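Down below is the structure, laid out as structure tokens.
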Amino acid sequence: MKKLNYILILLVFSLFFSPVINYAQIKISILKNPIYADSKVTDKNNIEMYFNNLGKAYSPQTQSGSHWLIRQDNNEIVFDQSPWIVGKKNGEIVVSGGMWLTNYSPGPIINGQAAMLIHPEDSLRYRIYKINKGDDNSNPDYAEWPADFGAPVNNQGQPLISGDQVLWACFNYLDSNITYPFSPYIKTDPLEVEIHQTVYLREGNQSDLQDIFSNVIFLEYEIIYKGSEPIESAYFGLWSDIDFEPMWNNKPAVDIDLQTSYCWSSEDTIYTGDAPFAVGYSLLYGPVVEDQGSTAIFKGKSLQGYKNLPLTSFHGIGTDYPPDTSFGYIHSLDDAWNYARGLNKNGNPYIDPTTSQQTAFPLSGDPVTNTGWLYPYPGTSGEAGVMFFSGPFTLAQNDTQWTMIALVPGLGNTNLHSISNMREKVQILRSLSYDSLAFGNTPYAITDIDEHNLAEIPQSYQLYQNYPNPFNPNTKISWQSPVGSWQTLKVYDVLGNEVATLVNEYKPAGNYEVEFNGHSDKGQNLSSGVYFYTLRAGNFIQTKKMIVIK
């Protein structure tokens with residue numbers, strides 16, 4: 001309710017003091033087409049999240065965006081969110097996006113016009129669609145799946161279901177009848193951007209200690225540009241108003257290594273005595289640009305000669321008082337352009353106060369170890385959130401871009417434990433292939449590690465010499481890893497032939513040991529001689545020699 005009151009205050013203030021925003025027309029635009037805000041909710045796992053056909057994650061019925069049902073009460077995690085495009089067209093800054101209010105309009109761009117302008121009679125087709133694995137034509141959303149608008153289909157032309165539940169919507173930024181500002185502060189012009197939003201999740205109601213996929217939602221955005229003049233130096237971004245208890249202590253931060261923007265709390269517990277959440281968005285695959293010799297993932301497929309751009313900038317939102325704060329909302333097109341490029345409000349580089357170095361990632365310190373640049377104030381205004389961007393790239397006429405993001409909440413025994421759990425979930429997700437994320441059914445669990453035993457976690461990778469060595473018939477191999485990753489431990493002969501696989505699975509940070517019985521994968525006893533064993537964990541590779549004697 002606090003967000004609604006906040007926005008109403010802004011609307012009333014602007015009604016009397018701003019000549020730019022036509023609130024009468026806003027009301028008319030909403031009332032004349034009720035389908036303008038069709039919403040549906042995810043209900044197959046522990047995250048109950050509303051999405052609508054305007055690119056938002058907000059339900060006017062519940063006055064919130066999402067709840068994490070891992071806890072019965074005080075379980076809100078996100079109030080609202082919106083995708084963004086920022087760039088320059090003919091030298092002028094252009095923006096599509098939203099902050100609570102939005103200029104996005106349901107449906108595709110048809111013959112150069114917004115769907116609601118050219119074919120308002122089809123407004124019901126511009127709704128958000130929700131389908132589940134196993135559905136058939138008895139579900140109207142399945143039967144009326146809008147493949148002609150770009151909704152994904154399989155090889156048989158049937159709705160493509162990633163995970164166990166999919167919510168799909170198409171919207172555009174070209175409806176001149178909508179006069180919303182993209183935030184409560186400024187107005188933007190229509191832009192020939194069409195976005196296809198695919199939300200999906202696996203079914204399950206388990207804890208993260210059993211299966212993290214019960215507590216993750218995936219977001220895919222396909223951006224199609226239908227203008228004639230290109231958008232240069234374009235950036236894809238996402239804004240989110242993250243909300244969890246205590247809502248006046250949601251501190252923004254970014255983990256560069258994990259490509260994750262998140263909010264955390266500096267308070268150990270909320271008023272009920274429970275630990276606060278940590279809530280993050282991890283960029284799994286960014287927009288693609290040409291890069292010879294590289295391979296990108298684009299719409300779930302490998303694309304040779306391209307690479308996925310990483311997270312390139314972050315803007316943490318903690319307060320909006322006063323308006324010129326370093327951690328406030330966007331107030332102008334210049335703000336949007338600067339933040340997208342990793343600059344501050346004034347167009348200057350951020351300077352990390354802990355290193356005196358330039359950075360595009362303010363607040364990239366580590367709250368768990370209390371190091372680096374952290375949010376400097378005791379609390380936030382209650383409207384805290386994150387904005388993050390990936391670019392630049394060019395959008396020429398009919399160009400398409402694509403990104404994939406995971407919403408990842410974490411909950412532990414304390415505030416810092418929640419951050420650690422969120423990070424481990426992200427590490428698991430980032431170690432898996434696209435197909436494993438979108439179509440797999442293997443459960444993955446985190447370990448029950450909190451900040452009190454973080455000292456036991458190794459600080460570096462290390463593969464140790466097997467013992468005993470030489471050996472007959474058994475030997476033990478030990479190693480350590482500082483972060484979770486997919487790990488393999490294999491044995492090779494002197495010719496480089498693989499003879500045995502001892503480990504091939506995701507493992508969290510920790511110390512490990514495996515016993516090798518001197519047999520190949522085919523069950524044959526290894527003959528006397530020299531062999532090699534190789535550990536691969538993320539980007540780490542190390543090999544050691546061992547000797548079999550008979």
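The values are calculated or read from the model by the stated rules, or taken from the named source; none is laboratory data. Note that the structure is a prediction, hence the values are computed from the model and not measured. Note: ideal-geometry Cβ built from the backbone for every residue, glycine included; neighbour counts use all protein chains shown.
Candidates are the residues of segment 187-225 that are more than 18 Å from the chain's Cα centre (by Cα) and small (Gly, Ala, Ser); the one that is surrounded by the most Cβ atoms within 10 Å (Cβ to Cβ) is GLY204.
When only residues in segment 257-288 that are in a loop (DSSP other than H, G, I, E, B) and of a type in the set (S, T, N, Q) count, which is surrounded by the fewest Cβ atoms within 10 Å (Cβ to Cβ)? Full working, then the answer.
Our first condition is that a residue be in a loop (DSSP other than H, G, I, E, B); within segment 257-288, this holds for 257-259, 265-277, 286-287.
Narrowing the set further to residues that are of a type in the set (S, T, N, Q) leaves 259, 265-266, 269, 272.
Details: GLN259: 22, SER265: 28, SER266: 18, THR269: 15, THR272: 10.
My answer is THR272.
Taken over segment 143-161, the criterion of being surrounded by fewer than 18 Cβ atoms within 10 Å (Cβ to Cβ) and closer than 23 Å to GLY55 by Cβ is satisfied by GLU144, ALA147, ASP148, GLY150, VAL153. Residues in segment 529-541 that are modelled with pLDDT of 95 or more, under 28 Å from GLU424 (Cα atoms) and surrounded by fewer than 16 Cβ atoms within 10 Å (Cβ to Cβ): THR534 alone. Take segment 483-528 and flag every residue that is out of contact with any Lys or Arg (no Cβ under 9 Å at 6 or more places or on another chain), in a strand (DSSP E or B) and surrounded by 13 or more Cβ atoms within 10 Å (Cβ to Cβ). Result: VAL491, TYR492, TYR506, LYS507, GLY510, ASN511, TYR512, HIS519. Mind checking whether some residue in segment 416-423 is assigned to a loop (DSSP other than H, G, I, E, B), farther than 22 Å from GLY87 by Cβ and in contact with an Asp or Glu (Cβ under 6 Å, 6 or more places away or on another chain)? No. Would you call PHE540 under 16 Å from ASN469 (Cβ atoms) and aromatic (Phe, Trp, Tyr)? For PHE540, the condition - under 16 Å from ASN469 (Cβ atoms) and aromatic (Phe, Trp, Tyr) - is not met. Checked against the criterion of being part of a strand (DSSP E or B) and surrounded by fewer than 20 Cβ atoms within 10 Å (Cβ to Cβ), the candidates ILE93, ILE77 yield just one match: ILE93. Scoring TYR461 on the criteria (1) in contact (Cβ under 8 Å) with a residue 60 or more places away in the chain; (2) hydroxyl-bearing (Ser, Thr, Tyr); (3) loosely packed, with under 15 Cβ neighbours inside 10 Å leaves a single failure, condition (3). Please enumerate the residues belonging to segment 436-464 that are β-branched (Val, Ile, Thr) and either assigned by the TED database to the domain that holds TYR506 or modelled with pLDDT of 80 or more (or both). Scanning segment 436-464 gives THR442, ILE446.
Mind telling me which of the residues ILE317, ILE351 ends up being among the β-branched types (Val, Ile, Thr) and without any contact (Cβ under 8 Å) to a residue 12 or more places away in the chain? Show your work before the answer.
Numbers: ILE317 fails: without any contact (Cβ under 8 Å) to a residue 12 or more places away in the chain.
Selected residue: ILE351, the only one of ILE317, ILE351 that is among the β-branched types (Val, Ile, Thr) and without any contact (Cβ under 8 Å) to a residue 12 or more places away in the chain.
Contact map, segment 368-382: first residue under 22 Å from PHE244 (Cα atoms), second residue surrounded by 15 or more Cβ atoms within 10 Å (Cβ to Cβ) and among the basic types (Lys, Arg), Cβ cut-off under 6 Å, separation 6 or more or different chains; pairs are TYR375/LYS251.
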